[in-house]
Amino acid sequence: QLIESGGGLVQAGASLRLSCVASRPTFSGYAMGWFRQAPGKEREFVAFISWTGGIIRYAVSVKGRFTIYRGNAENTIFLQMNSLKPEDTAVYYCAGGYYNGGYRLAEDYDSWGQGTQVTVSS
């Protein structure tokens, strides 16, 4: 089970940091990522980080503004979101799964958090 926190309501240009903790032990190869879903839209990939942190990928829409990284504990990741825009408004979901080469699709993960709301006002 994955547990997210850190969402909120901010103005455009502000920053937020999301956190995700895996409540059960994870092992070598366990990758994690972030997705988001805006009202009326499909869930979309945001960012990915491999077990070691050696592979990091971002959606084009957030590259240069968002940073994904692992905490000191291997079962914790963060998403630092800077220069937020109104179009970043969505429910953000943490996802986890043993890496098999794919990371952009929801099917690449087998564990999900409950989601945390991020709202950016203009």
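The values are calculated or read from the model by the stated rules, or taken from the named source; none is laboratory data. The model shown is predicted, which means the values in this text are computed figures rather than measured ones. All Cβ positions, even for glycine, are placed from backbone atoms using ideal geometry, and neighbour counts span all protein chains on display. We work out accessible area using only protein heavy atoms, side chains counted, and drop any ligands, DNA or RNA first. Shrake-Rupley method; radii C 1.70, N 1.55, O 1.52, S 1.80 Å.
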Taking the criterion of being under 17 Å from residue 108 (Cα atoms) and among the polar types (S, T, N, Q), would at least one residue in the stretch 67-82 satisfy it? no
In the stretch 75-109, which residues are part of a loop (DSSP other than H, G, I, E, B) and modelled with pLDDT under 95? 75, 99, 100, 101, 102
Considering each of 15, 23, 28 in turn, give the residue that is touching a Phe, Trp or Tyr at 6+ places or on another chain (Cβ under 8 Å), more than 13 Å from residue 70 (Cα to Cα), open to solvent by 30 Å² or more (accessible area, probe 1.4 Å) and of a type in the set (Gly, Ala, Ser). 28
Test set (1) surrounded by 13 or more Cβ atoms within 10 Å (Cβ to Cβ); (2) farther than 19 Å from residue 11 by Cβ; (3) among the small types (Gly, Ala, Ser); (4) over 12 Å from the mean Cα position of the chain (by Cα) - residue 83 fails condition number: (2)
Do you know which of the residues in the stretch 43-74 that are assigned to a loop (DSSP other than H, G, I, E, B) and polar (S, T, N, Q) is surrounded by the fewest Cβ atoms within 10 Å (Cβ to Cβ)? 72
Suppose we keep only residues that are open to solvent by 20 Å² or more (accessible area, probe 1.4 Å), of a type outside the set (Ser, Thr, Tyr) and touching a residue at least 24 places away in the same chain (Cβ under 8 Å) within the stretch 88-107. Which one would you say is nearest to residue 16 (Cα to Cα)? 91
With the structure loaded, tell me whether residue 40 is closer than 30 Å to residue 122 by Cβ and in a loop (DSSP other than H, G, I, E, B) or whether it fails that test. yes
Would you pick out the residues in the stretch 110-122 that are part of a strand (DSSP E or B) and closer than 20 Å to residue 3 by Cα? 111, 112, 116, 117, 118, 119
